[in-house]
1. If you fit an axis through the alpha-carbon atoms of helix 276-286 and take the longest principal axis of the Cα set of the chain, what angle between them do you get, 0 to 90°, nearest 10?
2. Mind checking which aspartates and glutamates have their C-alpha under 18 Å from LYS62, skipping anything on the same chain fewer than 8 residues away?
3. Shape of the chain from its Cα gyration tensor (a ≥ b ≥ c, root eigenvalues): rounded if a/c is under 1.5, otherwise prolate when a/b > b/c, or oblate?
4. Highest mean first, how do 85-93, 288-296, 248-256 rank when packing is the count of other Cβ atoms within 10 Å averaged over residues?
5. Could you state the number of Å between the C-alpha centres of segment 330-378 and segment 59-114?
6. Return the lysines within reach of LYS332: Cα separation strictly under 30 angstrom, same-chain partners fewer than 8 residues apart disregarded; answer none if there are no such residues.
7. Taking 8 Å as the Cα distance limit and 6 or more residues as the minimum spacing, I'd like the relative contact order of the chain as a percentage.
8. DSSP beta bridges in the chain, what fraction antiparallel, as a percent rounded to 5?
Amino acid sequence: MMLSHRVGRACHVLVLVLCLSAAEDFDWSANNHDSFYYGTFPNGFSWGAGSSAYQTEGAWDKDGKGLSIWDVFTHKKGKTFLNDTGDSSCEGYYKFKDDISLIKELNLNHYRFSISWPRIMPTGIRSDHVNEKGVKYYNALIDELLKNNITPIVTLYHWDLPQVLQEKYGGWQNISMINYFNDFANLCFERYGDRVKYWITFNNPWSVAVEGYETGEHAPGLKLRGTGAYRAAHHIIKAHAKVWHTYDTQWRNKQRGMVGISLSGDWGEPVDITNQKDIEAAERYVQFYIGWFATPIFHGDYPQVMKDFIGRKSAQQGLGTSRLPTFSSQEKSYIKGTSDFLGVGHFTTRYITQKNFPFNRGSTYFSDRDVAELVDPRWPDPGSEWLYSVPWGFRRLLNFIKTQYGNPVIFITENGVSEKMMCTELCDDWRIQYYKGYINEMLKAIRDGVNVKGYTAWSLLDKFEWDEGYSERFGLYYVDFKNKNKPRYPKASVQFYKRIIKSNAFPNQREVENWKMKATETCSTSNQLLAADPLTSHMEMVTEVVVPTVCTLCILISAVFLMFLLRKRN
Ligand code: NOJ
(Lines give C-alpha, C1' and ligand atoms only; values in the text may rest on other atoms or scores of the structure.)
Protein backbone atom coordinates (compact mmCIF):
# COMPACT_ATOMS: atom_id res chain seq x y z
CA MET A 1 0.00 0.00 0.00
CA MET A 2 2.71 2.33 1.12
CA LEU A 3 4.73 1.39 -1.94
CA SER A 4 1.91 1.89 -4.37
CA HIS A 5 1.20 5.21 -2.75
CA ARG A 6 4.82 6.21 -3.22
CA VAL A 7 4.80 5.04 -6.81
CA GLY A 8 1.58 6.95 -7.30
CA ARG A 9 3.17 10.10 -5.92
CA ALA A 10 6.28 9.61 -7.99
CA CYS A 11 4.14 9.22 -11.11
CA HIS A 12 2.25 12.33 -10.20
CA VAL A 13 5.48 14.27 -9.85
CA LEU A 14 6.78 12.84 -13.11
CA VAL A 15 3.63 13.82 -14.97
CA LEU A 16 3.77 17.28 -13.48
CA VAL A 17 7.41 17.76 -14.41
CA LEU A 18 6.69 16.58 -17.95
CA CYS A 19 3.76 18.96 -18.22
CA LEU A 20 5.81 21.86 -16.95
CA SER A 21 8.64 21.25 -19.33
CA ALA A 22 6.22 20.65 -22.17
CA ALA A 23 4.71 24.07 -21.53
CA GLU A 24 8.13 25.66 -22.07
CA ASP A 25 9.30 23.45 -24.90
CA PHE A 26 8.81 23.83 -28.57
CA ASP A 27 6.28 21.33 -29.90
CA TRP A 28 8.33 19.29 -32.37
CA SER A 29 5.37 17.22 -33.50
CA ALA A 30 3.16 20.18 -34.43
CA ASN A 31 2.67 20.65 -38.13
CA ASN A 32 1.56 24.28 -38.33
CA HIS A 33 3.71 25.01 -41.36
CA ASP A 34 1.31 27.22 -43.22
CA SER A 35 -0.01 29.53 -40.53
CA PHE A 36 1.16 33.15 -40.56
CA TYR A 37 1.77 35.04 -37.34
CA TYR A 38 0.97 38.76 -37.12
CA GLY A 39 3.03 40.32 -34.38
CA THR A 40 5.79 42.73 -33.44
CA PHE A 41 9.54 42.34 -33.11
CA PRO A 42 11.16 43.34 -29.82
CA ASN A 43 12.14 46.99 -29.40
CA GLY A 44 15.66 47.64 -30.58
CA PHE A 45 15.66 44.63 -32.89
CA SER A 46 18.46 45.21 -35.40
CA TRP A 47 17.80 44.93 -39.14
CA GLY A 48 20.64 44.62 -41.60
CA ALA A 49 22.07 43.27 -44.82
CA GLY A 50 25.39 41.63 -45.57
CA SER A 51 28.28 41.17 -47.96
CA SER A 52 31.77 39.73 -47.95
CA ALA A 53 35.09 41.07 -49.21
CA TYR A 54 35.94 38.65 -52.00
CA GLN A 55 32.36 38.50 -53.22
CA THR A 56 31.95 42.27 -53.67
CA GLU A 57 35.12 44.38 -53.40
CA GLY A 58 36.92 43.65 -56.66
CA ALA A 59 40.28 45.53 -56.77
CA TRP A 60 41.92 42.13 -56.30
CA ASP A 61 45.45 43.41 -56.98
CA LYS A 62 45.15 47.11 -56.15
CA ASP A 63 46.85 49.33 -53.57
CA GLY A 64 49.23 46.68 -52.27
CA LYS A 65 46.73 43.88 -51.65
CA GLY A 66 48.26 40.38 -51.53
CA LEU A 67 46.76 37.31 -53.20
CA SER A 68 44.14 35.23 -51.48
CA ILE A 69 43.42 31.56 -52.12
CA TRP A 70 40.29 32.68 -54.00
CA ASP A 71 42.31 34.91 -56.36
CA VAL A 72 44.50 31.97 -57.25
CA PHE A 73 41.67 29.41 -57.38
CA THR A 74 39.48 31.46 -59.70
CA HIS A 75 42.37 32.20 -62.06
CA LYS A 76 42.75 28.48 -62.73
CA LYS A 77 40.57 27.21 -65.57
CA GLY A 78 37.52 25.13 -64.81
CA LYS A 79 37.07 26.01 -61.15
CA THR A 80 34.10 28.34 -61.42
CA PHE A 81 31.07 28.76 -63.65
CA LEU A 82 32.29 30.25 -66.97
CA ASN A 83 35.67 30.76 -65.27
CA ASP A 84 34.27 33.83 -63.52
CA THR A 85 36.51 35.57 -60.99
CA GLY A 86 36.02 38.19 -58.29
CA ASP A 87 38.66 40.43 -59.92
CA SER A 88 36.28 43.35 -60.24
CA SER A 89 32.97 41.92 -58.99
CA CYS A 90 30.76 44.84 -57.80
CA GLU A 91 33.75 47.23 -57.55
CA GLY A 92 32.69 47.67 -53.93
CA TYR A 93 36.21 48.86 -53.08
CA TYR A 94 35.52 52.02 -55.08
CA LYS A 95 31.77 52.30 -54.65
CA PHE A 96 31.35 51.83 -50.91
CA LYS A 97 29.87 55.29 -50.46
CA ASP A 98 27.20 54.53 -53.06
CA ASP A 99 26.47 51.28 -51.28
CA ILE A 100 26.09 53.05 -47.97
CA SER A 101 23.46 55.26 -49.62
CA LEU A 102 21.59 52.09 -50.54
CA ILE A 103 21.86 50.89 -46.95
CA LYS A 104 20.49 54.26 -45.83
CA GLU A 105 17.70 53.97 -48.34
CA LEU A 106 16.72 50.65 -46.76
CA ASN A 107 16.87 52.19 -43.30
CA LEU A 108 19.09 49.43 -41.99
CA ASN A 109 20.43 49.42 -38.44
CA HIS A 110 23.51 47.37 -39.26
CA TYR A 111 25.68 46.34 -42.16
CA ARG A 112 27.70 43.15 -42.12
CA PHE A 113 30.90 43.04 -44.19
CA SER A 114 34.20 41.20 -44.00
CA ILE A 115 37.82 42.32 -43.96
CA SER A 116 40.09 40.81 -46.56
CA TRP A 117 43.09 39.47 -44.64
CA PRO A 118 45.54 39.81 -47.58
CA ARG A 119 44.35 43.36 -48.25
CA ILE A 120 45.77 44.49 -44.95
CA MET A 121 48.47 41.81 -44.50
CA PRO A 122 49.58 40.81 -47.99
CA THR A 123 51.36 37.59 -46.96
CA GLY A 124 49.09 36.96 -44.00
CA ILE A 125 52.01 37.41 -41.62
CA ARG A 126 52.02 40.56 -39.53
CA SER A 127 55.79 40.80 -39.16
CA ASP A 128 56.21 40.68 -42.96
CA HIS A 129 54.19 43.77 -43.79
CA VAL A 130 51.05 45.70 -42.89
CA ASN A 131 49.49 47.36 -45.93
CA GLU A 132 48.41 50.80 -44.70
CA LYS A 133 46.40 51.51 -47.83
CA GLY A 134 44.28 48.47 -47.11
CA VAL A 135 43.89 49.47 -43.47
CA LYS A 136 42.79 52.90 -44.64
CA TYR A 137 40.06 51.48 -46.88
CA TYR A 138 38.29 49.73 -43.98
CA ASN A 139 38.75 52.81 -41.79
CA ALA A 140 36.94 54.86 -44.40
CA LEU A 141 34.18 52.27 -44.71
CA ILE A 142 33.64 52.06 -40.96
CA ASP A 143 33.67 55.85 -40.56
CA GLU A 144 31.17 56.32 -43.35
CA LEU A 145 28.84 53.74 -41.80
CA LEU A 146 29.02 55.37 -38.39
CA LYS A 147 28.51 58.81 -39.88
CA ASN A 148 25.25 57.44 -41.26
CA ASN A 149 24.24 55.79 -38.00
CA ILE A 150 24.75 52.26 -39.25
CA THR A 151 26.38 49.73 -36.94
CA PRO A 152 29.21 47.76 -38.54
CA ILE A 153 29.23 44.00 -37.91
CA VAL A 154 32.62 42.82 -39.05
CA THR A 155 33.65 39.33 -40.11
CA LEU A 156 37.35 38.57 -39.89
CA TYR A 157 37.39 35.50 -42.06
CA HIS A 158 35.01 35.10 -44.97
CA TRP A 159 37.12 32.51 -46.78
CA ASP A 160 39.91 34.62 -48.34
CA LEU A 161 43.02 33.15 -46.72
CA PRO A 162 46.30 34.76 -47.86
CA GLN A 163 47.76 32.53 -50.58
CA VAL A 164 51.21 32.59 -48.98
CA LEU A 165 49.83 30.81 -45.91
CA GLN A 166 48.28 28.15 -48.11
CA GLU A 167 51.45 27.61 -50.11
CA LYS A 168 53.88 27.67 -47.20
CA TYR A 169 51.89 25.75 -44.61
CA GLY A 170 48.88 24.08 -46.26
CA GLY A 171 46.40 26.63 -44.91
CA TRP A 172 43.88 25.35 -42.37
CA GLN A 173 45.46 21.89 -42.41
CA ASN A 174 48.26 23.43 -40.40
CA ILE A 175 48.19 24.32 -36.73
CA SER A 176 50.31 27.44 -37.33
CA MET A 177 47.24 29.17 -38.82
CA ILE A 178 45.98 29.67 -35.27
CA ASN A 179 48.69 32.17 -34.40
CA TYR A 180 48.71 33.88 -37.78
CA PHE A 181 44.97 34.36 -37.59
CA ASN A 182 45.23 35.64 -34.05
CA ASP A 183 47.82 38.23 -35.14
CA PHE A 184 45.52 39.37 -37.93
CA ALA A 185 42.54 39.62 -35.57
CA ASN A 186 44.62 41.49 -33.05
CA LEU A 187 45.61 44.06 -35.66
CA CYS A 188 41.92 44.53 -36.53
CA PHE A 189 41.00 45.04 -32.87
CA GLU A 190 43.88 47.50 -32.55
CA ARG A 191 42.99 49.54 -35.63
CA TYR A 192 39.20 49.32 -35.74
CA GLY A 193 38.04 48.18 -32.31
CA ASP A 194 37.50 51.72 -31.05
CA ARG A 195 34.55 51.86 -33.48
CA VAL A 196 33.61 48.23 -34.23
CA LYS A 197 31.68 46.54 -31.42
CA TYR A 198 30.54 43.34 -33.13
CA TRP A 199 33.14 40.90 -34.38
CA ILE A 200 32.59 37.60 -36.13
CA THR A 201 35.71 35.44 -36.20
CA PHE A 202 34.70 32.94 -38.92
CA ASN A 203 31.93 32.87 -41.43
CA ASN A 204 30.47 29.43 -42.07
CA PRO A 205 33.48 27.27 -41.14
CA TRP A 206 31.51 24.23 -42.34
CA SER A 207 32.00 25.41 -45.93
CA VAL A 208 35.66 26.23 -45.40
CA ALA A 209 36.30 22.75 -44.05
CA VAL A 210 34.06 20.61 -46.27
CA GLU A 211 34.14 22.48 -49.58
CA GLY A 212 37.71 23.76 -49.24
CA TYR A 213 39.47 20.63 -47.93
CA GLU A 214 37.12 17.66 -48.50
CA THR A 215 35.29 18.07 -51.82
CA GLY A 216 37.57 20.73 -53.29
CA GLU A 217 34.72 22.71 -54.84
CA HIS A 218 35.98 25.83 -53.09
CA ALA A 219 39.45 27.31 -52.64
CA PRO A 220 42.02 25.96 -51.96
CA GLY A 221 40.40 23.07 -53.85
CA LEU A 222 41.87 20.16 -51.85
CA LYS A 223 40.21 16.74 -51.85
CA LEU A 224 41.48 15.24 -48.61
CA ARG A 225 38.51 12.91 -48.21
CA GLY A 226 37.63 11.67 -44.77
CA THR A 227 40.28 13.69 -42.93
CA GLY A 228 40.79 17.16 -44.49
CA ALA A 229 37.56 18.69 -43.29
CA TYR A 230 37.93 17.42 -39.72
CA ARG A 231 41.49 18.72 -39.48
CA ALA A 232 40.62 22.13 -40.93
CA ALA A 233 37.63 22.45 -38.59
CA HIS A 234 39.77 21.49 -35.59
CA HIS A 235 42.22 24.31 -36.25
CA ILE A 236 39.46 26.77 -37.03
CA ILE A 237 37.71 26.06 -33.71
CA LYS A 238 40.97 26.55 -31.83
CA ALA A 239 41.74 29.72 -33.78
CA HIS A 240 38.30 31.07 -32.96
CA ALA A 241 38.80 30.35 -29.25
CA LYS A 242 42.20 31.99 -29.26
CA VAL A 243 40.90 35.17 -30.85
CA TRP A 244 38.01 35.31 -28.38
CA HIS A 245 40.50 35.03 -25.48
CA THR A 246 42.72 37.70 -27.04
CA TYR A 247 39.77 40.06 -27.17
CA ASP A 248 38.64 39.07 -23.73
CA THR A 249 41.98 39.66 -22.04
CA GLN A 250 43.41 42.53 -24.09
CA TRP A 251 40.58 44.57 -25.52
CA ARG A 252 37.23 43.95 -23.87
CA ASN A 253 37.72 46.36 -20.98
CA LYS A 254 38.67 49.20 -23.24
CA GLN A 255 36.48 48.53 -26.23
CA ARG A 256 33.39 46.89 -24.73
CA GLY A 257 32.52 44.89 -27.83
CA MET A 258 31.35 41.34 -28.49
CA VAL A 259 33.03 38.47 -30.32
CA GLY A 260 31.12 35.59 -31.85
CA ILE A 261 31.22 33.12 -34.70
CA SER A 262 28.80 32.72 -37.59
CA LEU A 263 27.70 29.12 -38.17
CA SER A 264 25.61 27.99 -41.07
CA GLY A 265 23.33 25.05 -40.99
CA ASP A 266 20.43 23.53 -42.85
CA TRP A 267 17.61 22.11 -40.80
CA GLY A 268 17.14 18.32 -41.02
CA GLU A 269 13.60 17.05 -40.51
CA PRO A 270 12.93 13.30 -40.05
CA VAL A 271 11.15 11.87 -43.09
CA ASP A 272 8.87 9.93 -40.74
CA ILE A 273 8.43 11.76 -37.46
CA THR A 274 7.26 8.54 -35.75
CA ASN A 275 10.26 6.48 -36.87
CA GLN A 276 13.09 6.43 -34.29
CA LYS A 277 15.75 5.73 -36.94
CA ASP A 278 14.70 8.76 -38.96
CA ILE A 279 14.58 10.92 -35.84
CA GLU A 280 18.14 9.90 -34.94
CA ALA A 281 19.35 10.35 -38.53
CA ALA A 282 17.90 13.87 -38.67
CA GLU A 283 19.51 14.76 -35.36
CA ARG A 284 22.83 13.41 -36.67
CA TYR A 285 22.50 15.54 -39.80
CA VAL A 286 22.16 18.69 -37.70
CA GLN A 287 24.91 17.65 -35.27
CA PHE A 288 27.35 17.03 -38.15
CA TYR A 289 26.41 20.48 -39.50
CA ILE A 290 26.01 23.22 -36.92
CA GLY A 291 26.72 20.96 -33.90
CA TRP A 292 30.23 20.17 -35.18
CA PHE A 293 31.25 23.76 -34.33
CA ALA A 294 28.63 24.90 -31.83
CA THR A 295 29.05 21.98 -29.41
CA PRO A 296 32.77 22.58 -28.75
CA ILE A 297 32.17 26.32 -28.44
CA PHE A 298 29.24 25.97 -26.02
CA HIS A 299 30.07 22.65 -24.30
CA GLY A 300 33.80 22.13 -24.87
CA ASP A 301 33.84 19.07 -27.14
CA TYR A 302 32.50 17.58 -30.38
CA PRO A 303 28.96 16.13 -30.37
CA GLN A 304 28.97 12.62 -28.92
CA VAL A 305 27.33 11.26 -32.06
CA MET A 306 30.21 12.54 -34.24
CA LYS A 307 32.75 10.99 -31.91
CA ASP A 308 30.83 7.68 -31.98
CA PHE A 309 30.22 7.46 -35.71
CA ILE A 310 33.62 8.68 -36.96
CA GLY A 311 35.40 6.67 -34.24
CA ARG A 312 33.56 3.45 -35.17
CA LYS A 313 34.10 3.92 -38.89
CA SER A 314 37.79 4.71 -38.40
CA ALA A 315 38.18 1.49 -36.38
CA GLN A 316 36.40 -0.51 -39.11
CA GLN A 317 38.95 0.90 -41.56
CA GLY A 318 41.68 -0.47 -39.36
CA LEU A 319 42.88 2.93 -38.17
CA GLY A 320 44.42 3.14 -34.72
CA THR A 321 42.78 6.46 -33.92
CA SER A 322 39.66 8.28 -35.02
CA ARG A 323 39.80 10.51 -38.07
CA LEU A 324 38.05 13.09 -35.89
CA PRO A 325 40.80 14.83 -33.89
CA THR A 326 40.43 15.14 -30.13
CA PHE A 327 40.71 18.07 -27.75
CA SER A 328 42.80 17.74 -24.59
CA SER A 329 41.02 18.57 -21.34
CA GLN A 330 42.81 21.95 -21.16
CA GLU A 331 41.72 22.70 -24.70
CA LYS A 332 38.15 21.78 -23.87
CA SER A 333 37.92 24.26 -21.05
CA TYR A 334 39.77 26.89 -23.11
CA ILE A 335 37.28 26.54 -25.98
CA LYS A 336 34.09 26.24 -23.93
CA GLY A 337 32.14 29.47 -23.64
CA THR A 338 34.04 31.43 -26.28
CA SER A 339 31.12 33.15 -27.96
CA ASP A 340 29.46 36.31 -26.74
CA PHE A 341 26.75 35.70 -29.32
CA LEU A 342 26.05 33.11 -31.97
CA GLY A 343 25.79 34.19 -35.59
CA VAL A 344 23.41 31.96 -37.52
CA GLY A 345 23.37 31.64 -41.30
CA HIS A 346 20.45 29.66 -42.64
CA PHE A 347 18.97 29.11 -46.09
CA THR A 348 17.21 25.77 -46.46
CA THR A 349 15.97 22.42 -45.10
CA ARG A 350 16.14 18.73 -46.00
CA TYR A 351 14.11 15.68 -45.10
CA ILE A 352 16.43 13.09 -43.61
CA THR A 353 16.34 9.34 -43.37
CA GLN A 354 18.81 6.73 -42.18
CA LYS A 355 21.16 5.27 -44.82
CA ASN A 356 24.12 3.01 -44.15
CA PHE A 357 27.27 3.69 -46.14
CA PRO A 358 29.50 0.64 -46.49
CA PHE A 359 33.00 1.67 -45.38
CA ASN A 360 34.76 -0.23 -48.21
CA ARG A 361 33.75 2.53 -50.64
CA GLY A 362 36.08 4.94 -48.87
CA SER A 363 35.25 7.25 -45.99
CA THR A 364 34.18 10.81 -46.38
CA TYR A 365 32.51 13.37 -44.17
CA PHE A 366 29.29 12.52 -46.03
CA SER A 367 29.48 8.75 -45.60
CA ASP A 368 30.40 9.15 -41.93
CA ARG A 369 26.93 10.54 -41.18
CA ASP A 370 24.89 7.59 -42.49
CA VAL A 371 22.03 9.76 -43.69
CA ALA A 372 20.21 10.37 -46.94
CA GLU A 373 18.81 13.80 -47.82
CA LEU A 374 15.46 14.24 -49.55
CA VAL A 375 13.46 17.22 -50.73
CA ASP A 376 9.78 17.76 -51.26
CA PRO A 377 9.24 18.47 -54.98
CA ARG A 378 6.62 21.05 -54.02
CA TRP A 379 9.18 23.25 -52.27
CA PRO A 380 9.94 26.36 -54.36
CA ASP A 381 13.55 26.53 -55.67
CA PRO A 382 13.93 29.71 -57.71
CA GLY A 383 17.72 29.92 -57.92
CA SER A 384 20.57 27.86 -56.50
CA GLU A 385 20.14 24.14 -57.00
CA TRP A 386 20.50 23.41 -53.28
CA LEU A 387 18.22 26.18 -52.04
CA TYR A 388 14.58 25.20 -51.45
CA SER A 389 12.32 27.61 -49.67
CA VAL A 390 11.15 25.90 -46.47
CA PRO A 391 10.45 28.67 -43.93
CA TRP A 392 9.28 26.39 -41.08
CA GLY A 393 12.73 24.74 -40.94
CA PHE A 394 14.15 28.07 -39.75
CA ARG A 395 11.99 28.15 -36.63
CA ARG A 396 12.91 24.54 -35.87
CA LEU A 397 16.64 25.20 -36.24
CA LEU A 398 16.39 28.24 -33.95
CA ASN A 399 14.56 26.24 -31.30
CA PHE A 400 17.15 23.48 -31.60
CA ILE A 401 19.90 26.05 -30.94
CA LYS A 402 17.98 27.42 -27.99
CA THR A 403 17.66 24.04 -26.27
CA GLN A 404 21.07 22.64 -27.20
CA TYR A 405 23.27 25.61 -26.35
CA GLY A 406 21.52 27.26 -23.41
CA ASN A 407 19.53 29.92 -25.22
CA PRO A 408 22.44 32.06 -26.46
CA VAL A 409 22.13 35.57 -27.88
CA ILE A 410 21.65 35.06 -31.62
CA PHE A 411 22.22 37.30 -34.62
CA ILE A 412 20.95 35.98 -37.90
CA THR A 413 24.00 36.67 -40.04
CA GLU A 414 22.73 35.32 -43.37
CA ASN A 415 19.33 34.47 -44.78
CA GLY A 416 18.11 34.96 -48.33
CA VAL A 417 17.46 33.44 -51.72
CA SER A 418 18.91 33.60 -55.22
CA GLU A 419 17.70 33.67 -58.79
CA LYS A 420 19.40 32.53 -61.95
CA MET A 421 21.81 34.81 -63.78
CA MET A 422 19.78 35.24 -66.91
CA CYS A 423 16.88 36.54 -64.91
CA THR A 424 16.84 40.29 -65.32
CA GLU A 425 13.50 40.53 -63.59
CA LEU A 426 13.54 43.12 -60.82
CA CYS A 427 10.02 42.21 -59.71
CA ASP A 428 11.29 39.38 -57.52
CA ASP A 429 8.05 38.08 -56.20
CA TRP A 430 9.63 34.79 -55.07
CA ARG A 431 12.19 36.66 -52.93
CA ILE A 432 9.41 38.65 -51.26
CA GLN A 433 7.67 35.33 -50.56
CA TYR A 434 10.90 33.85 -49.17
CA TYR A 435 11.69 36.79 -46.89
CA LYS A 436 8.10 37.05 -45.74
CA GLY A 437 8.00 33.37 -44.78
CA TYR A 438 11.45 33.13 -43.19
CA ILE A 439 11.23 36.39 -41.25
CA ASN A 440 7.82 35.34 -39.98
CA GLU A 441 9.17 31.99 -38.76
CA MET A 442 11.95 33.90 -36.99
CA LEU A 443 9.29 36.02 -35.31
CA LYS A 444 7.54 32.83 -34.17
CA ALA A 445 10.86 31.56 -32.81
CA ILE A 446 11.25 34.80 -30.84
CA ARG A 447 7.77 34.18 -29.44
CA ASP A 448 8.96 30.65 -28.53
CA GLY A 449 11.65 32.32 -26.41
CA VAL A 450 14.63 32.12 -28.79
CA ASN A 451 16.94 35.04 -28.09
CA VAL A 452 17.29 36.56 -31.58
CA LYS A 453 18.57 40.14 -31.48
CA GLY A 454 19.06 40.94 -35.14
CA TYR A 455 18.51 39.81 -38.70
CA THR A 456 20.81 40.17 -41.72
CA ALA A 457 19.36 39.76 -45.19
CA TRP A 458 21.78 38.03 -47.54
CA SER A 459 22.80 39.91 -49.50
CA LEU A 460 22.75 43.63 -50.13
CA LEU A 461 23.96 43.24 -53.71
CA ASP A 462 24.18 40.55 -56.35
CA LYS A 463 27.80 39.43 -56.21
CA PHE A 464 30.33 36.71 -56.97
CA GLU A 465 28.78 33.47 -55.77
CA TRP A 466 31.95 31.36 -55.31
CA ASP A 467 32.13 28.32 -57.62
CA GLU A 468 28.84 29.43 -59.20
CA GLY A 469 30.46 32.66 -60.41
CA TYR A 470 27.87 35.31 -61.24
CA SER A 471 25.22 32.76 -62.18
CA GLU A 472 23.27 33.06 -58.92
CA ARG A 473 21.98 36.40 -57.72
CA PHE A 474 21.24 36.80 -54.02
CA GLY A 475 21.01 40.60 -53.94
CA LEU A 476 18.28 42.91 -52.80
CA TYR A 477 19.90 45.12 -55.42
CA TYR A 478 20.55 43.90 -58.94
CA VAL A 479 24.05 44.57 -60.26
CA ASP A 480 24.63 44.90 -63.99
CA PHE A 481 27.97 43.09 -64.22
CA LYS A 482 28.20 43.65 -67.98
CA ASN A 483 28.45 47.39 -67.50
CA LYS A 484 31.92 48.44 -66.34
CA ASN A 485 30.37 50.90 -63.87
CA LYS A 486 28.46 48.03 -62.21
CA PRO A 487 25.28 50.03 -61.64
CA ARG A 488 22.87 48.84 -58.92
CA TYR A 489 19.08 48.62 -59.37
CA PRO A 490 16.59 47.97 -56.57
CA LYS A 491 14.54 44.80 -56.84
CA ALA A 492 10.97 44.81 -55.52
CA SER A 493 12.15 43.02 -52.36
CA VAL A 494 13.93 46.25 -51.34
CA GLN A 495 10.55 47.93 -50.91
CA PHE A 496 9.09 44.96 -49.07
CA TYR A 497 12.03 44.59 -46.66
CA LYS A 498 12.00 48.33 -46.07
CA ARG A 499 8.40 48.15 -44.86
CA ILE A 500 9.08 45.28 -42.47
CA ILE A 501 11.93 47.34 -41.02
CA LYS A 502 9.83 50.48 -40.73
CA SER A 503 6.97 48.70 -38.91
CA ASN A 504 9.29 46.37 -36.94
CA ALA A 505 6.34 44.01 -37.27
CA PHE A 506 3.92 42.14 -39.49
CA PRO A 507 0.94 44.26 -38.42
CA ASN A 508 -2.01 42.52 -40.13
CA GLN A 509 -2.90 40.70 -43.32
CA ARG A 510 -4.24 43.73 -45.20
CA GLU A 511 -1.15 45.79 -44.49
CA VAL A 512 1.29 43.06 -45.47
CA GLU A 513 -0.60 42.34 -48.69
CA ASN A 514 -0.51 46.05 -49.39
CA TRP A 515 3.30 46.14 -48.95
CA LYS A 516 3.60 43.41 -51.52
CA MET A 517 1.41 45.24 -53.98
CA LYS A 518 3.30 48.52 -53.55
CA ALA A 519 6.64 46.75 -53.91
CA THR A 520 5.66 45.18 -57.21
CA GLU A 521 4.30 48.49 -58.47
CA THR A 522 7.63 50.30 -58.08
CA CYS A 523 9.78 47.61 -59.65
CA SER A 524 8.42 48.13 -63.13
CA THR A 525 10.09 51.57 -63.25
CA SER A 526 13.41 50.02 -62.24
CA ASN A 527 12.88 47.35 -64.87
CA GLN A 528 12.57 50.05 -67.51
CA LEU A 529 15.77 51.70 -66.32
CA LEU A 530 17.56 48.39 -66.48
CA ALA A 531 16.20 47.67 -69.95
CA ALA A 532 17.54 51.06 -71.08
CA ASP A 533 20.95 50.24 -69.62
CA PRO A 534 22.63 49.00 -72.84
CA LEU A 535 21.61 52.31 -74.44
CA THR A 536 22.85 54.33 -71.45
CA SER A 537 26.17 52.53 -71.35
CA HIS A 538 26.47 52.98 -75.12
CA MET A 539 25.94 56.70 -74.63
CA GLU A 540 28.43 56.75 -71.77
CA MET A 541 30.95 55.11 -74.07
CA VAL A 542 30.26 57.79 -76.65
CA THR A 543 30.85 60.62 -74.15
CA GLU A 544 33.77 58.99 -72.36
CA VAL A 545 35.72 57.54 -75.29
CA VAL A 546 34.48 58.59 -78.71
CA VAL A 547 33.98 62.32 -78.08
CA PRO A 548 37.41 62.93 -76.47
CA THR A 549 39.15 60.88 -79.19
CA VAL A 550 37.42 62.78 -82.01
CA CYS A 551 38.19 66.13 -80.33
CA THR A 552 41.86 65.26 -79.93
CA LEU A 553 42.04 64.18 -83.53
CA CYS A 554 40.38 67.45 -84.67
CA ILE A 555 42.85 69.51 -82.66
CA LEU A 556 45.77 67.55 -84.10
CA ILE A 557 44.52 67.86 -87.67
CA SER A 558 43.90 71.62 -87.24
CA ALA A 559 47.41 72.06 -85.80
CA VAL A 560 48.96 70.20 -88.74
CA PHE A 561 46.84 72.18 -91.18
CA LEU A 562 47.83 75.48 -89.51
CA MET A 563 51.50 74.61 -89.66
CA PHE A 564 51.12 73.73 -93.31
CA LEU A 565 49.49 77.14 -94.05
CA LEU A 566 52.15 79.05 -92.11
CA ARG A 567 54.97 77.28 -93.95
CA LYS A 568 53.35 77.98 -97.29
CA ARG A 569 53.08 81.67 -96.45
CA ASN A 570 56.74 81.88 -95.52
C1 NOJ B 1 26.92 31.23 -47.34
C2 NOJ B 1 28.16 32.02 -47.62
O3 NOJ B 1 28.67 32.50 -46.41
C4 NOJ B 1 27.91 33.22 -48.55
O5 NOJ B 1 29.14 33.78 -48.87
C6 NOJ B 1 27.13 32.78 -49.75
O7 NOJ B 1 26.90 33.88 -50.62
C8 NOJ B 1 25.83 32.17 -49.29
N9 NOJ B 1 26.11 31.01 -48.47
C10 NOJ B 1 24.93 31.73 -50.43
O11 NOJ B 1 25.49 30.64 -51.07
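The values are calculated or read from the model by the stated rules, or taken from the named source; none is laboratory data. Note that this is a predicted model, so its numbers are computed, not measured. When we count neighbours, we look across all protein chains shown, and the Cβ atoms used for this are built from the backbone with ideal geometry, even at glycine. Areas reflect the complete protein model, heavy atoms only, side chains present, ligands, DNA and RNA absent. Shrake-Rupley method; radii C 1.70, N 1.55, O 1.52, S 1.80 Å.
1. 40
2. In chain and number order, the partners are ASP71, ASP87, GLU91, GLU132, ASP160.
3. Prolate, because a/c is 1.5 or more and a/b exceeds b/c.
4. Descending mean neighbour count gives 288-296, 85-93, 248-256.
5. 29
6. LYS168, LYS197, LYS223, LYS238, LYS242, LYS254, LYS307, LYS313, LYS402, LYS453
7. Numbers: 1023 pairs, mean separation 84.7, N = 570.
Dividing the mean separation by the residue count of the chain yields 15 percent.
8. The answer is about 25 percent antiparallel.
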